[in-house]
Each structure stands twice: as C-alpha cells, then as structure tokens.
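The values are calculated or read from the model by the stated rules, or taken from the named source; none is laboratory data. In this text the structure is predicted, and so the values were computed from the model without any measurement. Note that each Cβ is placed from the backbone with ideal geometry, even for glycine, and that neighbours are counted across all protein chains shown.
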C-alpha cells in the first residue's frame, strides 16, 4: 500500500495523470445510462485484443503470394497456440463489426447525434467506415482462394463509381488487373500501417469528445439523478467485456477458420463471395436486375452515407424531422433488413457449397481400404503396422494436425511445402473425403 501511494505521489509531482484519472472516474453520467452503454467499452476491448493478435501473427507472416498462405499454415500447425491466435483474429473482425454496428444503432435510437454530440456522431461514422476497410484489406492477406475471390468481388464494387472507379482499381491492384504481389503488398501496408495510424488517432479524438460532451442519456430527460461513472458503470463495462471475451474465445476455439487452399486465379468451380458480415450488401447487389448494379454499388451506399452525415443538421431537436416513433421504425427496419439479408446470404452460401457424395458402406472402413489401395503405406506407417518410413508415422495424427488441414494438404501438398516429395492426390473428391475421415479417427 505504501508503495502504491508513493507511486501515485511520484506521478502527481510530475504529471496530472492521477487527477485526470480521478476526474474521469468521478464524472457524472445520467442515471439511466446502463447496459446498452457498455457497447463502446466492449468494442474498445475487442480492438485492443485484435491489435495484440494481429501483432503476434505479423511476427511470422510473409506478405508474398508464394509464401503468405504457407506462413498462415505454419502459424496454425507449428506454433504453440498459433491456431488459437489466428482464430481469435479471424473471428475478432466479425465481432468488432457487429459490436460497432450495434453501437451505431444505439446512438441512432437514442438520437445521440443531436447537439452537442454532432462531432461525436461524425467521428463514429468515419470510424465505422475504417473498420470495414480493415476487414476488407485483411481478408486478402491469407492469400487463400476464399480471400482472393472475396477481394476480387470487393474491388469490383469499389471500382464501380463513375470517373473514380478505374483509378480505385488501379490503385488497389497496382494497375496489373489481377490480384498479385503488388495488391498483396498494398493491402498489407494499408492494413497494418496506414489504417491503424488514422484509426487510432481518430479513436483518441472520439474518446476526447465523449469525455467533453458525455454519454447520451434517455430521450426525454432523466427521471433518475446523475451518478458517478465509477464504480457502477465501470463494473458493468468490465462485466460485459469479460462476457464478450468468453464468447469470442469459445467461438475461436470450437470454430477455427477453414482453409480453402492457396489462392488460384485459374480455379474453376469456386464461387466468389465476400465475408459473411458483408452479405447484406452483397445480397442487395444480387437482387438488382442486370444493368442496375451501379445503383447498389454506388448510388444507394452514397445516399445512405450522406443521410447519416446530414442527420445531425436535419434533426436537431425532439419532435423535429424524425419523431421518436419514426426513428425507431426506421432503425428497426434497418436492423431487420441487415439481419434478414445476412441470413439469406448464409443460406445461399450453404447451397452453393459442393455437396459431399456418400461412399457405399462405412466411409471410415472405405477410407482405410483406400489408404492401402492408393499405396499410401509405401511412405507411411501407422503405429506398429508395417509400412514405409519415408513419411511420418501417422499414429495419432488426428491429435497433431487440425481437422481442416487434412484435405488441402493431401490434395496438393506441394502448395504448402514446395520441397515435399509427397505427390498430389489422384482420385475423386469422394475418395479423398473417405481417406480424411479415416485419418481423423487415428487419435
């Protein structure tokens, strides 16, 4: 205790940090500020965690078309807890966008764009736009098929605006048309340098503005007296952050990101789709008739963004342009539309995935038989069973290798390790599935 007090005295003699902290914690807030106002703290927690996992992955990531995918696989299969860090970063992007969207909708419902919070609203809109750019630039970095084609879809949408469209595509692709080394390099620089610099500077401004004008309370005054930010609201923020961390860790642990194989511009049968949190916009584009794509890629997003920017100037007071009923109706329609279109996109994605064909009889037994008939035993043994020693012994292989890594590795091992002597798999997808199911029983 004496050491703590001495440290505070030392800081107080040289800075005003203790006084600033005390002022921040004792800042009065409306009595009705409660659980819905914890979304901002939850979002800040996710951003910090995303930054940490991104830095950890960046230590081993190689931003080149030949090595990017292999470096991600190295993180997943060779580094201790590497797969968990990758999964946290992958799912963290979705959690951040969902939380930011809900935070923005809460501000809309509570009319938190009205004076004196106009700058707070505008800075929040820019931050949300930057978060979507983070997600867009990040999906290409693994340089797998999914990220490659999702980025191609995104670039087509971004290059739709008249006049500026061709320049945007040229900037993102380096003028080469296809997504290659230049595109990957530019996306990497945007994702880890340019966007963070702008974003965290704006986060600081956003928090400073929040400290100045305070959180928006209830719509029609506060029937409860003002209270201190600490301890009540602080404990709520910490509780929600802890719950959010638990949910994210569970999702990351039980739902690791899949592997669609190294990016192949000539791949056939691969349906290009964006990440699921962009499905709402993507489904709108799919609904538009041919020749109307500009409406969905440029006109509607620009009109919606412009309306949100102008909202503080058009709806300045209660009972103005937007009554409470109208605002809640519009907000509810937006929420319903986004959720509905996202679910539609998820359903369509599941339909477009190739259906697995069942092998007659027990697929595991069939896989074991194929393992021998395909002469895998020339290079591999399983436990004490007689086999070759050119490759590793596959006893308990299911404990050593991630489930989603079996199939792409067996199909084309040279795409992961160019120096491997293991040949590409020759056989049907049905046979490959059976062999994978058999190997996954070796625990």
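A few remarks follow.
- Residue within the stretch 183-197 that is in contact with a helix residue (DSSP H, G or I) (Cβ under 8 Å, 6 or more places away or on another chain) and exposed (fewer than 14 other Cβ atoms within 10 Å of the Cβ) present: no
- Residues (at pLDDT 80 or above, part of a loop (DSSP other than H, G, I, E, B) and surrounded by fewer than 19 Cβ atoms within 10 Å (Cβ to Cβ)) located in the stretch 259-288: 288
- Residue 58 fulfils the conditions (1) closer than 30 Å to residue 400 by Cα; (2) crowded, with 16+ Cβ neighbours inside 10 Å except for a single criterion, (2).
- Every pair of residues 6+ apart whose Cβ atoms lie under 6 Å, when the first sits in the stretch 272-299 and is assigned by TED's automatic domain parsing to the domain that holds residue 338 and closer than 19 Å to residue 350 by Cβ while the second is in a loop (DSSP other than H, G, I, E, B) and modelled with pLDDT of 85 or more: 275/139
- You will find that of 404, 362, the residue that is within 26 Å of residue 72 (Cα to Cα) and either touching a helix residue (DSSP H, G or I) at 6+ places or on another chain (Cβ under 8 Å) or modelled with pLDDT under 80 (or both) is 404 and no other.
- Residue under evaluation residue 420, criteria (1) under 18 Å from residue 66 (Cα atoms); (2) buried (at least 16 other Cβ atoms within 10 Å of the Cβ), criterion not met: (2)
- Residue in the stretch 91-100 that is part of a helix (DSSP H, G or I) and farther than 25 Å from residue 37 by Cα present: no
- Cβ-Cβ under 6 Å pairs, at least 6 apart or on other chains, the stretch 328-345 side in the same structural domain as residue 308 (by TED's automatic domain parsing) and modelled with pLDDT of 90 or more, far side surrounded by fewer than 13 Cβ atoms within 10 Å (Cβ to Cβ) and assigned to a helix (DSSP H, G or I): none
- Per the conditions (1) within 20 Å of residue 286 (Cβ to Cβ); (2) part of a loop (DSSP other than H, G, I, E, B), the sole criterion not satisfied by residue 157 is (2).
- Selection count where residues are more than 16 Å from residue 125 (Cα to Cα) and either without any contact (Cβ under 8 Å) to a residue 12 or more places away in the chain or not assigned by TED's automatic domain parsing to the domain that holds residue 103 (or both), scope the stretch 300-321: 4
- Residues satisfying the stated conditions in the stretch 29-71, i.e. assigned to a helix (DSSP H, G or I), over 27 Å from residue 202 (Cβ atoms) and in contact (Cβ under 8 Å) with a residue 24 or more places away in the chain: 68, 69, 70
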